[in-house]
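Structure record follows, encoded as structure tokens.
The values are calculated or read from the model by the stated rules, or taken from the named source; none is laboratory data. Keep in mind it's a predicted model, so treat the numbers as computed, not measured. Heads up, the Cβs are rebuilt from the backbone with ideal geometry, glycines too, and the neighbour counts pull from every protein chain shown.
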Amino acid sequence: MKNYKRKAVETAEFLKDHIDKLPGIGLLTGTGLGGSAESLEISESFEYEDIPHFPTSTVESHLGRLLFGGMQGKQVIVMQGRFHLYEGYSSLEVTFPIRVMQELGVKVLILSNAAGGLNTGFKAGDLMIITDHINLAGSNPLIGPNEERWGIRFPDMIGAYDKNLTALAENAGKDAGIHLQKGVYAGLKGPSLETPAEIRFLKTIGADAVGFSTVQEVIAAVHAGIKVLGLSTITNVHDPDAPVPATVEEIIAKANEAAPKLETIIRKVVEKI
């Protein structure tokens, strides 16, 4: 853990030396959603591979860029592409950028992802505000020695997704005429998609959407005292009684199609923070 902390501090110091203003808000975009940060006035841009100690994304639809700039008058750091357990990264590696954001002074984190819908009231292209999650990835970024300067040993997850940020997102949707769903996100390890039996199980335990990201980052953010807003783009809706194969290409296409709506919600939320 000491080595991990040292690397996070060194990465943050590198970035501080190359940016003019420290960000207060972090934005992490997922599959097919890299364009959801288009309203950012970019001041600095880094390829992940050029940042000391930073992992690199191996997923085709993740751009692998770290951006700094202004959005609605606020200083923002944007990750265009994230890291996943299924890529072979550990929980610590997946959440390394969150620790860097913490060292940079980020206080609010907005995460987006592409997710499969489980709720029959959803349709492809919907946006869902994450109200809670279920960690089924078999991993947790807080396993091991606790870094007391970063957070307490046993952080309470009862309010992992900030209610005030949720309300801002709901109001943003109303102002823009964008209907937003709300629900529980189940985080799996992946990369294989779910079987019909697994879909039935997930629906039974109360999940409204399922994906392979987000949960690890949220746990680290809560531990860090960072307020979280989670937004899922529903790329397809699962029906275990009439299963239809889903391709990555179709998922990316649907996420790209919904990106302008997501960008609108994010921009309006950032404006009100």
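The figures follow:
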{"read-out": "Pick from the range 209-250, criterion in contact (Cβ under 8 Å) with a residue 12 or more places away in the chain and acidic (Asp, Glu), ranking: nearest to Tyr89 (Cα to Cα)", "value": "Glu217"}
{"read-out": "Candidate set: the range 24-49, residues that are in a helix (DSSP H, G or I) and either polar (S, T, N, Q) or in contact with a strand residue (DSSP E or B) (Cβ under 9 Å, 6 or more places away or on another chain) (or both); chosen: the one modelled with the highest pLDDT", "value": "Tyr48"}
{"read-out": "Long-range neighbours under 7 Å by Cβ, at least six apart or interchain, first residue farther than 18 Å from Phe14 by Cβ and without any contact (Cβ under 8 Å) to a residue 60 or more places away in the chain within the range 79-98, second polar (S, T, N, Q) and crowded, with 24+ Cβ neighbours inside 10 Å", "value": "Gln80/Thr29"}
{"read-out": "From Lys174, Lys203, Lys261, Lys268, residue being in contact with a Pro (Cβ under 9 Å, 6 or more places away or on another chain), part of a helix (DSSP H, G or I) and not aromatic (Phe, Trp, Tyr)", "value": "Lys203"}
{"read-out": "Any hit, the range 126-138, residues being under 30 Å from Pro196 (Cβ atoms), of a type in the set (Gly, Ala, Ser) and buried (at least 19 other Cβ atoms within 10 Å of the Cβ)", "value": "yes"}
{"read-out": "Count of the range 114-134 residues which are under 17 Å from Asp162 (Cα atoms) and touching a residue at least 60 places away in the same chain (Cβ under 8 Å)", "value": "5"}
{"read-out": "Pairs where the first residue, in the range 29-53, is under 12 Å from Ala258 (Cβ atoms) and charged (D, E, K, R) and the second is surrounded by 17 or more Cβ atoms within 10 Å (Cβ to Cβ) and at pLDDT below 60, C-beta under 7 Å, 6+ apart", "value": "none"}
{"read-out": "The range 181-200, subset among the charged types (D, E, K, R) and part of a loop (DSSP other than H, G, I, E, B), residue farthest from the chain's Cα centre (by Cα)", "value": "Glu194"}
{"read-out": "Condition check for Asp241: crowded, with 23+ Cβ neighbours inside 10 Å and of a type in the set (Asp, Glu)", "value": "no"}
